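Down below is the structure, laid out as structure tokens.
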Amino acid sequence: MGMEGLRGGGHGAAEDGGERWVEDSSVDYQGRPPLRAATGSWKAAMFIILIEFSERLSYFGLATSLMIYLTKVLHEEMKFAAKNVNYWTSVTTLMPLLGGFFADGYLGRFSTVLLSTLIYLAGLVILAIAQLSPRLKPDHNLHLHETLFFVGIYLVSIGTGGHKPALESFGADQFDDGHAAERVQKMSYFNWWNCALCAGILLGVTVIVYLQERVGWGAADVVLAAVMAASLLVFLAGWRHYRYRVPEGSPLTPLVRVVVAATRKRHLELPDDANQLYEVKPQNIKKRLLCHTDQLRFLDKAAIVEHGSGEERRGAWRLATVTQVEETKLVLAMVPIWVATLPFGITAAQVSTFFIKQGSVMDRRMGPHFTLPPASTFAMAAIGMMIAVAVYDKILEPYLRRLIGGERGISILKRIGVGIAFTIVAMAVAATVERRRLRSPSPAAMSVFWLVPQFMLMGIGDGFALVGLQEYFYDQVPDSMRSLGIGLYLSVIGAGSFLSSQLITAVDSVTSHGGRAGGWFGKDLNSSRLDLFYWLLACIGVANLVFYVVVATRYSYKTIKTGKVVDDKAGDVECAAAGAGY
């Protein structure tokens with residue numbers, strides 16, 4: 001569908017070389033091989049980054065005030081409001097996996113972004129109408145207003161599910177991995193993508209929250225809808241400059257075929273020479289071929305050529321290429337990394353819950369006439385992330401490139417590990433500050449700016465870990481499932497939030513002896529021991545960091561063939577790792 005459904009003839013890329021034409025599997029808006037000077041890179045990415053800014057502005061403008069709206073405007077009880085927030089967050093977190101699947105396999109990334117943005121915009125318009133129409137306001141018809149409100153926010157949730165994985169991967173698609181200069185630019189792309197993300201968060205939790213409290217919820221919704229509509233027009237204005245990917249069906253089917261083929265041939269012996277395994281010739285395809293690795297060697301049996309009669313022995317469910325086998329290995333190798341980053345997701349969940357709750361019971365006065373809204377304290381984490389990303393991109397990474405050599409300052413997994421370490425320190429600082437608050441003669445008089453260090457440290461940790469996770473799950477998945485890879489990155493945060501809720505329930509049950517005594521979580525913060533919970537998270541983080549280092553040091557990065565393949569076999573080729581070793 002859309003631009004990515006177009007196919008066409010070539011421009012004679014082979015004779016002009018890779019400098020003039022982009023020779024990966026992308027096409028331009030007419031379905032032809034893209035002209036490098038006219039498409040892609042930053043000239044296209046800037047259109048895409050702008051719409052991400054507007055999406056994060058809308059999302060955090062709504063999400064950080066959702067609990068307040070449900071309790072103060074819709075008059076829901078605290079437990080029902082919390083349940084509704086958790087349901088909405090869960091749907092919003094899981095939808096990117098579904099959205100990424102359809103973007104990669106069927107709709108194409110451009111079409112998915114366009115469709116999901118229209119759904120997102122429809123949700124914002126419904127929210128604005130429900131606020132501004134006199135007959136739909138909660139004081140006139142609470143039931144109808146509540147129905148429209150939930151329809152609106154769940155349309156936003158569905159829109160986010162397609163928007164987040166497709167847009168980020170579509171932006172990264174504008175940089176050619178086979179071109180040295182564009183490959184370096186892609187590393188910066190993920191940094192500046194997150195700067196735009198943080199800018200949207202920053203304005204969402206300050207300007208939009210201020211409009212909600214001082215002007216009205218309807219005015220805030222109108223502003224969000226207008227910004228989203230304007231960014232959509234800007235996104236469409238860049239359509240001639242984009243590089244598109246043609247969807248090729250379910251990205252999961254080739255992985256299943258490899259497992260089935262390997263199982264069918266489980267009794268066969270693997271050849272001593274990996275060059276005897278089946279691989280296609282690269283002359284007539286644009287797909288990047290992968291080098292053979294010795295990990296999960298059982299799967300190599302899928303690429304054994306059976307010398308017998310019958311087409312069934314060379315069918316898609318009987319024989320796989322080395323590249324297909326290696327892509328399956330890549331996905332399976334991601335599972336330990338995904339598991340090892342879940343405690344980071346648990347820690348990150350505290351920023352939008354307990355950190356903000358702490359701020360709500362502290363002194364938030366900024367002068368005689370202004371009081372900082374509780375949700376706006378989240379801005380400190382966004383500022384910390386923006387500072388970390390800018391310093392890393394402009395100072396630290398160039399210095400490390402000169403010091404270490406190569407295109408990348410430090411490897412992707414090392415960057416994630418540094419971010420995890422920062423979040424552990426943030427938990428220790430948060431525990432210390434909360435202990436001081438509890439011991440203060442007047443806890444409510446303690447300034448909210450005592451929370452700046454823990455917010456900033458979490459933001460810096462995100463600047464390393466979150467950006468690293470985005471790049472890792474985009475870069476290391478098979479090329480055909482990169483939107484789904486972004487969905488996997490988002491699932492780390494979603495699963496971390498879910499595990500955080502389960503951990504709180506378990507800790508509360510243990511420390512309160514099943515509800516028979518006061519535990520770590522009382523009726524309010526002053527009767528709770530949030531400091532001990534933070535110390536628990538810090539200890540879990542330390543233990544997990546050791547596990548993460550072990551897993552990361554054993555990880556093998558995707559290796560791309562840069563030489564030639566002759567006679568359907570993997571010949572004498574050079575392999576380039578898509579990321580440095582840990």
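Values as computed for the structure displayed
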read-out	value
Largest to smallest accessible area among VAL542, VAL305 [probe 1.4 Å]	VAL542, VAL305
Folded to 0 to 90 degrees: helix 322-340 orientation relative to the chain principal axis, Cα	20
Where Rh is the Kirkwood radius over Cα pairs, Rg/Rh for the stretch 24-247	1.03
Fully extended contour minus Cα-Cα distance, from ALA445 to SER512, at 0.36 nm per residue	21.3 nm
The chain, relative contact order in percent, only Cα pairs under 8 angstrom and at least six apart counted	19
ASP363, ASP176, reordered so the largest accessible area comes first (probe 1.4 Å)	ASP363, ASP176
Distance histogram for the chain (every C-alpha pair counted, 20 angstrom bins, percent rounded to whole numbers)	19, 50, 26, 4, 0
Rounded to the nearest 10 Å², the accessible area of LYS72 at probe 1.4 Å	150
Euclidean distance of C-alpha centroids, the stretch 399-475 and the stretch 349-368, integer Å	18
Amide H within-cut-off set for TRP21, under 5 Å, with H built and near neighbours excluded	ARG36
Charged-residue dipole, Cβ positions (Lys, Arg, Asp, Glu), the chain about Cα centre, Debye nearest 20	1060
Contour minus Cα-Cα distance for LEU74 and THR432 (0.36 nm per residue)	125.2 nm
Above-threshold pairs, the threshold being 25 Å between Cα atoms, out of LYS137/LYS523; LYS43/LYS394; LYS357/LYS414; LYS287/LYS329; LYS281/LYS414; LYS43/LYS164	LYS137/LYS523; LYS357/LYS414; LYS281/LYS414
The chain: angle of helix 180-203 to the longest principal axis, Cα-based, in degrees nearest 10	20
C-alpha long axis of helix 217-237 to longest principal axis of the chain, angle in °	20
Bins of 5 Å from zero: percent of alpha-carbon pairs in the stretch 169-229	4, 16, 18, 15, 11, 10, 10, 8, 5, 2, 1
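The values are calculated or read from the model by the stated rules, or taken from the named source; none is laboratory data. It should be emphasised that the depicted structure is a prediction, and the values quoted were computed from it without experimental measurement. Methodologically, a virtual Cβ is constructed for each residue, glycine included, from the backbone with ideal geometry; neighbour enumeration extends over all protein chains shown. These accessible areas exclude ligands, DNA and RNA; they are computed on the full protein's heavy atoms, side chains included. Shrake-Rupley method; radii C 1.70, N 1.55, O 1.52, S 1.80 Å.
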